[in-house]
1. Within the stretch 8-18, which residues are under 19 Å from residue 51 (Cβ atoms), open to solvent by 30 Å² or more (accessible area, probe 1.4 Å) and of a type in the set (A, V, I, L, M, F, W, C)?
2. Which residues, taken from the stretch 1-52, are more than 16 Å from residue 78 (Cα to Cα) and among the hydroxyl-bearing types (Ser, Thr, Tyr)?
3. What are the residues in the stretch 30-64 that are open to solvent by less than 40 Å² (accessible area, probe 1.4 Å), more than 14 Å from residue 7 (Cα to Cα) and in a strand (DSSP E or B), if any?
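The values are calculated or read from the model by the stated rules, or taken from the named source; none is laboratory data. Since the structure is predicted, the reported quantities are computational estimates derived from the model, not experimental observations. Here the Cβ positions follow ideal geometry from the backbone for every residue, glycine too, while neighbour counts run over all protein chains shown. Just so you know, the surface numbers come from the protein's heavy atoms only, side chains and all, with ligands and any DNA or RNA stripped out. Shrake-Rupley method; radii C 1.70, N 1.55, O 1.52, S 1.80 Å.
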Amino acid sequence: MIPKVVVRPNPFFTAITLDVTCAQGKHVIVRMFDEDDKIVKMFSWFLVKGINITNISEVEFLPTGVYSLDIVDLEGDVLYSTHISKG
């Protein structure tokens, strides 16, 4: 479904760019959690077949630390998960 995801930069400071390659069109939810599993960013995104690029902004005010980033489908299945650091 999602064969490739690039999350950059890592560590991040003011914004995060997601490059997602998708095998077919699909509606997903992107969630970002802090170390206490509290959601700090969340948005829906319709992925088209091919390469999709978006920016996650307004993260410059987050405290320094490690964050989890998940892409889930509307049924709640995790399609991609990673950790990213705030520098």
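1. Scanning the stretch 8-18 gives a single hit, 15.
2. Answer for the stretch 1-52, where residues must be more than 16 Å from residue 78 (Cα to Cα) and among the hydroxyl-bearing types (Ser, Thr, Tyr): 14, 17.
3. Of everything in the stretch 30-64, those that are open to solvent by less than 40 Å² (accessible area, probe 1.4 Å), more than 14 Å from residue 7 (Cα to Cα) and in a strand (DSSP E or B) turn out to be 33, 45, 47, 50.
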